[in-house]
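The values are calculated or read from the model by the stated rules, or taken from the named source; none is laboratory data. Here the structure is a predicted model, which is why all the values come from computation and not from measurement. Ideal geometry is used to build each Cβ from the backbone, glycine not excepted, and the neighbour counts take in all protein chains shown.
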């Protein structure tokens, strides 16, 4: 072939370029669909009426308010402490309870550790429904059920966490090597014994990992649950937002930031130990 | 030969201290929290009572309005995701090793971390003095929130790209745009599209609760009917939220699986 010769010479004139792979129209179709949906969602009659009018109108006093965020009101600090502590208490308790509830449930939703198809799909379907309801919605309904305070917040967080932990951990069970489980079965163990002796040690790292992750989520989530009356920092957020005290809001945000980042550093240290 | 020697359990003092510390924190939290645990006893009866109120006779006449409001929430989530993608995509490169200098990189990462630590609803409260109580506020809050996660996942995906094609593009004289187009984009696309879709799923959930502060959508409807204690309507709204979220999750999940498997 002359093509080899000419490409060595550095020209592409005689080069046999492979034909472009077909099916590029598919990606253009996808882009088209995205653009159309975006146009519809932005339009005034079908979507959210995207317009910059309001921003232009409110810019003057609004910007002033937002600038207040840069100057936290430090004198507000003593009042935030009890609320911050309550937020942390809610997060810790909910994580602990959710972890305890999730462990057996994750074993029940993985094929390897629960060969019974019927019970597995029932638990899975239930958890799918539990997962699709947002935590604040749980909190709003639970406040109506058990009254204002930390209790509805804790229960809402537990429901929200169980969905997450079980999904992640049961997926990691499925990814495990089934060899150990088979060995357990060959040694004559019943399913409970097999899970206890072989699956449990296997999933511990991923279980602890997910629990830490959920603790982080909880600190963040429990700081807003108070918006519906479920205790913690959210109660304060609700109070300062009605008075547009953005300097105080800024202090609360700063506190959440500090706690979440400290927790992040801590859990990263623990994770490194695990792996 | 019949005796079995069981290996002695490994003692690990670090593990024991960890267990003791965690135990102390948990017990401390239980002991100090201001909760009337007795109310927990009434909970099962209460749950049955309220589930009965919500689902025994759902007020189906509210379904059309609920669907309309849900669409508004989903539109909010979509717009938020699209803006989030447009902003986070270039920022992701600014935070990736090999594409930007260290000071820029670390400040970008700090910004992402700060955004991730703040719940969307607080972002919405912070910006609503400028944007007003409109769905636009919700969309912008979700967009800002999305930048935090998408930026992080973005630079992780970019750094995870096989350096071979990048070097090949550079060696054959490609400029920075060509390196991005031919060295990075082909191998990072599945990751990007996959977590864009995942973030959309998250935004759909968050948009449902943003209504709490009055920016519109299904959350607005839910809070007002919960406050009026019209449980037969709340039941319908929950059913709508669950079905729509699960439906969107299923569609988006199917697309993600196809993209990741490379078909």
Name the residue that is modelled with the highest pLDDT, counting only residues in the range A:17-59 that are surrounded by 10 or more Cβ atoms within 10 Å (Cβ to Cβ) and part of a loop (DSSP other than H, G, I, E, B).
A:43
The lone exception for residue A:210 - which of (1) part of a helix (DSSP H, G or I); (2) surrounded by fewer than 21 Cβ atoms within 10 Å (Cβ to Cβ); (3) away from chain B (no Cβ under 14 Å) it fails
(2)
Among the residues listed as B:84, B:68, B:41, the single one being surrounded by 16 or more Cβ atoms within 10 Å (Cβ to Cβ) and more than 10 Å from chain A (Cβ to nearest Cβ):
B:84
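So that you can scan it fast, the table gives a plain yes or no per residue for (1) free of Cβ contacts under 8 Å to residues at least 60 places away in the same chain; (2) on the phi > 0 side of the Ramachandran plot; (3) assigned to a loop (DSSP other than H, G, I, E, B):
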residue	(1), (2), (3)
B:85	no, no, no
B:91	no, no, no
B:96	no, no, yes
B:106	yes, no, no
B:127	yes, no, no
Filter the range A:122-146 for residues that are more than 7 Å from every other protein chain (Cβ to nearest Cβ) and either in contact with a helix residue (DSSP H, G or I) (Cβ under 9 Å, 6 or more places away or on another chain) or under 17 Å from residue A:216 (Cα atoms) (or both) and give the result.
A:123, A:124, A:127, A:130, A:131, A:135, A:138, A:139, A:142, A:143
Surrounded by fewer than 18 Cβ atoms within 10 Å (Cβ to Cβ), within 26 Å of the chain's Cα centre (by Cα) and assigned to a helix (DSSP H, G or I): is that true of residue A:85 in this structure?
yes
Among the residues of the range A:139-154, which ones are assigned to a helix (DSSP H, G or I) and either farther than 20 Å from residue B:202 by Cα or under 16 Å from the mean Cα position of the chain (by Cα) (or both)?
A:141, A:142, A:143, A:144, A:145, A:146, A:150, A:151, A:152, A:153, A:154
Within the range B:219-230, residues being within 10 Å of chain A (Cβ to nearest Cβ), buried (at least 23 other Cβ atoms within 10 Å of the Cβ) and under 17 Å from residue B:58 (Cα atoms) number 1
Of the residues in the range A:201-218, how many are farther than 27 Å from residue B:116 by Cβ and in contact (Cβ under 8 Å) with a residue 24 or more places away in the chain?
1
